[in-house]
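First up is the structure itself, then whatever we jot down about it.
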Amino acid sequence: MKKSTVFIADDDPSVRKGLERLIKSAGFKVEAFASAEEFLKRKPYRNPSCLVLDVRLPGLSGIDLQKELAQKSISLPIIFITGHGNIPMSVKAMKDGAVDFLPKPFDDKALFSAINQAIEKDRERFKKEALKSKIQRRVNTLTSREYEVLRWVITGMLNKQIAPKLGVTEKTIKVHRGRLMHKMQTVSVADLVRLTQKCGITPAKK
Amino acid sequence: MMPNVKDSTNLRNTGIKIIGHMPWGSHLCQFYHTKIDLLEILLPYFKAGLKNNEFCMWITSEPLSAKEAKETLKKEIKNLDRLIKKGQIEILDYNQWYTKGGRFDADRVLAGWIEKERYALRKGFSGLRLTGNTLWLERKDWKNFTEYEAKVNSAIGRHRMLAICTYSLDKCGALEIIDVIANHQFALIKRGKKWEVIENAERKLKLKKAKEHLEIQIAKRTRELKQVNEALEITRDNLNRAQVVAHIGSWYLDIIKNILLWSDETYRMFGLSIGSPLTYEKFLEIVHPDDREYVDKRWMAALNKEPYDIEHRIIVDGKVKWVREKVELEFDEEDKATRGIGTVQDITERKQAEEDSRRLREELMHVARVTTMGELTAALAHELNQPLMAIMSNAQAAHRFLAKKNPDLDEIGEILSDIIKDDKRASEVIGKLRALLRKSDLEFTILNINDVIREVITLVHSDIVIKNISLSSDLNDKIPLVSGDRIQLQQVILNLILNSFEAMKDVDSKRLCMRTVQENGKFITVGVEDSGIGIDEKNIDSLFKPFFTTKKEGLGMGLSINKVIIEAHGGSLWAKNNSDKGATFYFTLPISKKHSK
C-alpha cells in the first residue's frame, strides 16, 4: 500500500515547518503549501490523503478553498486549524464536511486523531472508487442488447415477462441473461443488483 | 394711658339691678316722687361708674342739692374727695350747667356734654356717665328742652356716654310723660315699691326693623357665601382634576397648629384612602427604605431654610414609584418654620425613560468596548498562537524523533533552535502588548486613590442601586498619595467592580466593600471585596493569564490587562477567596516618594 500523504496549507513558515516535522515523525508523507492557490496548482493525489488547512490565509482563505474543492468534486478530507477560532465559523466548516476544527495551539494527540480519522475516511472513499471502476470495466464488456436485458433483469422480472417487452422470444432472453451473468462475474440476480447499484445502473422502467 | 381691658368693652354696668348692663350711648329717664326715689337709682349708678373708671357728672336740682348729693354719695364712696380732686366726678347744681349764664341754651349744653366726654377720654377714663335733674324746667322752656332731649337721643348713640335724665312726676302731665318716654330709650318708673323698665315703642320698632334688616343681610351673605363655596368647590374640583392629569399632588402643613392636609391626588399617589389621618412618620413609612434617611435629612435641612426639591422612591402596593417633592416654607422672625405648601409629582415614567436610555447607552458602550477588545484580542491571539503552535509541534516532533532507535541529532538541534526562535517571537508579542498599554498615554500625576475610587463608584452608582447591591467603603482618610495614571487606575477599579457584579449575579446577599489600607512605608493596598460565588481554586493561578475567562461572553483580557497596568505602576495585583463568601481582589501601588511621610 502506498504511503498516505498529509497536505499542509499555512502561511506561517514556523508553523508550517513545525507541523511538517511533527506529521513526518509519525510516518506520513507531507507536502506543505504557503497558500490555497499554491495547493490548487498541484495535481489531484491518487492515494488516501488529507489536508491540514489554516482558516486564515492570504488571498483565498481556508474556507474559500473548501468551497472551491467541493465545486470541483474533489472530496479531500479537511482538518481546519486556526489561531483565533470562533464557534460560528467552525460550525459552518464542520457542516460543509470538515473532519475537525482545531484551535492553535493543539497537541499531537488531537492532531493525529484527526489525521487518522481523515485518512481512514479517504481510504474508504478510494476503496469505493476502486470497486466502482472494477464493476464499470465489466459493464463495459457488455453488448448494448445485453446491457438492455441487464436493466430488465435487475427489475426482478422473469424471462417470459421480459421477452414481450423487448419483442423477442423467451429463449433469446435466456441466452442474453446467461452471457451477461458470465461477463459480470456473478451467479445470482441478488448479487447483480448489488453490483449495478454500486456503479449507478438503474433498472428499466416497466 | 390705655383704658384697661374691662373698660374698653362697650357694655357698661349701670349699677341699677333691674337694668344690669347697657352699652355706651344709652339714654334713660327716671320718673320720681321723692328724694329717696332719686337716690335709690343714682347712688348705685355713680358707684358703678366710679368703680369702672368712668368720668361722672351729676347735675342736681330740687329736691336734692349738689351739696346734699355729694354728702350722701360720700357715705357710699369713702374716697370721694380724692376722686373729685382727681377730676373723676363733678357734682353741680343745674344753674351751673343747664342754665349757666342765666338761660337754657340747648346747643351750648350739648356741646358741653361732648366737651366733657372728650375730657374724660383725654384723662384716660372710659367715657362719660351723667345724670341731670329737670325740676328747674319752666313750662316755657319745655318745648325747647324736649327738642334738646330729642337731639341728645339721636346723637348719644355715637358717643361713649351713659345718661339718666330725672323727671319729677309731680311736674309732668300725661303729655309731658309721653314726650319724655318718646325721647329716651328706657324709662324707669316706680310702681309701689318696685322699679320697672318701660321700653320705648319706637325703639322697639327700630330694633325690629334693624333685626329684619340684619336678617335680610344675613340671608344675602349666606347666599353669597354659598356661591363662593360653590365656586370654591369647582375650583377645588378643577385643581383635583388638574392634579390627576399632571400627576401632581399638593399638601399643606401648619406647623404651629400641627395640621397636615393632603390633596386627593397626593393620597392616591401614596396609595392611602382619601382623608385618612396623616403624620410625618406615616409618610416616611411609605418612602423606600433606602431613601428614608436621605428624605428625613433633607426635610430637617428644609426646616433650617435649605431648599427642598428632591427626588426619591416610595413603595405603593409593593411597587416602586419615583416622586419629586418641592416645598415652600414660611418662617417667623426667629427663623422658625411656621407653615408650608408642598407639591409631589409622580415622575416614575420619566425615571423609567431615563433608566431605559441609560441602559441602552450602557449596552451600546458595552458593544463598542467588546468589539474593540474583540478585535484587539483576535489580532493578539493569532499573533501569540502562531509561535505557540510552532513551538508545540516542534517540541512534540522532537519527542518522537528522540523515541526512535537512532535519532537524528542534527535534526533535533535544528528543531531546538526553531523552538527558541518561536519562543522569542511569542515574548515579543507579549512585549508588544505591554508596550501598547504603556504607550496609550500613561500620564502620571500625584493622586489620592480614595478620590479615584469615589469617582468610579459614582459611575456605577445606578448599577449598584438597580442590582440591589449594598456598598460599603472603608477608605483610610490618611491614605498617602500615589503617583499614577488616573484613567488607567479608574479602569482597573471599574473592571474589578464589574467583575464583582458578575460574581454576585446569582447570589442573594450582594455586598461590595471598597477598602484602602496603608501597607507599610512603601505601598498602599486597595481591596475590592465581594460576596459573590468566589474563585474556583483550580483557576486561581490562571486568573491573570491572557484569554482566561469563566464568563460565557468574556474575552479573558480584563484581568490580564489590569495586571499589566498595575505592574506598569510598580504595584502588584492578586486575588484571594474570602473565608466566608466571595473573593477579594487586591492591588498595591507604591507611595509617591515626594509625598510619603
Among the candidates B:Ala182, B:Ala187, residue that is among the hydrophobic types (A, V, I, L, M, F, W, C) and in contact with a helix residue (DSSP H, G or I) (Cβ under 6 Å, 6 or more places away or on another chain): B:Ala187
Residue that is most open to solvent (accessible area, probe 1.4 Å), among those in the range B:219-256 that are within 25 Å of B:Leu303 (Cβ to Cβ) and aliphatic (A, V, I, L, M): B:Ile256
Residue that is nearest to B:Leu384 (Cα to Cα), among those in the range B:412-424 that are open to solvent by less than 70 Å² (accessible area, probe 1.4 Å) and either within 8 Å of another protein chain (Cβ to nearest Cβ) or modelled with pLDDT under 85 (or both): B:Asp422
Verdict on A:Phe33 being within 21 Å of B:Gln386 (Cβ to Cβ), aromatic (Phe, Trp, Tyr) and touching a Ser or Thr at 6+ places or on another chain (Cβ under 6 Å): no
Failed condition for B:Asp107, given (1) at negative phi; (2) touching a helix residue (DSSP H, G or I) at 6+ places or on another chain (Cβ under 8 Å): (2)
Restricting the range B:317-339 to residues that are more than 16 Å from B:Ala302 (Cβ to Cβ) and out of contact with any Lys or Arg (no Cβ under 9 Å at 6 or more places or on another chain), the residue that is most open to solvent (accessible area, probe 1.4 Å): B:Glu333
Residue that is surrounded by the most Cβ atoms within 10 Å (Cβ to Cβ) [pool: residues in the range A:96-111 that are more than 10 Å from chain B (Cβ to nearest Cβ) and either in contact (Cβ under 8 Å) with a residue 24 or more places away in the chain or more than 23 Å from the chain's Cα centre (by Cα) (or both)]: A:Val99
In the range B:381-397, residue nearest to A:Asp10 (Cα to Cα) [restricted to those that are among the small types (Gly, Ala, Ser) and facing chain A (nearest Cβ under 8 Å)]: B:Ala390
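Just checking, how many residues over the range B:170-197 are on the phi > 0 side of the Ramachandran plot and not in a loop (DSSP other than H, G, I, E, B)?
Count: 0.
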Residue count, the range B:161-197 (criterion: farther than 26 Å from B:Glu138 by Cβ and open to solvent by 40 Å² or more (accessible area, probe 1.4 Å)): 6
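If you check B:Lys116, B:Lys74, which single one turns out to be surrounded by 13 or more Cβ atoms within 10 Å (Cβ to Cβ) and over 60 Å from the mean Cα position of the chain (by Cα)?
When all the criteria are applied, what remains is B:Lys74.
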Subset of the range A:1-28 that is more than 10 Å from every other protein chain (Cβ to nearest Cβ) and assigned to a loop (DSSP other than H, G, I, E, B) - its residue that is modelled with the highest pLDDT: A:Phe28
Criterion: open to solvent by 100 Å² or more (accessible area, probe 1.4 Å) and not basic (Lys, Arg) - qualifying residue of B:Ile216, B:Ile259, B:Ile274: B:Ile216
Inter-residue pairs, beta-carbon under 6 Å, first more than 15 Å from B:Ile16 (Cα to Cα) and in the range B:184-198, second at pLDDT below 85, 6+ apart: B:Gln185/B:Asn200; B:Gln185/B:Arg203
Test: residue in the range A:46-68 that is over 17 Å from A:Ile115 (Cα atoms), surrounded by fewer than 22 Cβ atoms within 10 Å (Cβ to Cβ) and within 12 Å of chain B (Cβ to nearest Cβ): yes
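The values are calculated or read from the model by the stated rules, or taken from the named source; none is laboratory data. Treat the numbers as computed from the prediction; the structure is a model and nothing was measured. Note: ideal-geometry Cβ built from the backbone for every residue, glycine included; neighbour counts use all protein chains shown. Note: accessible area is taken over every heavy atom of the protein model, side chains too, but ligands, DNA and RNA are not part of it. Shrake-Rupley method; radii C 1.70, N 1.55, O 1.52, S 1.80 Å.
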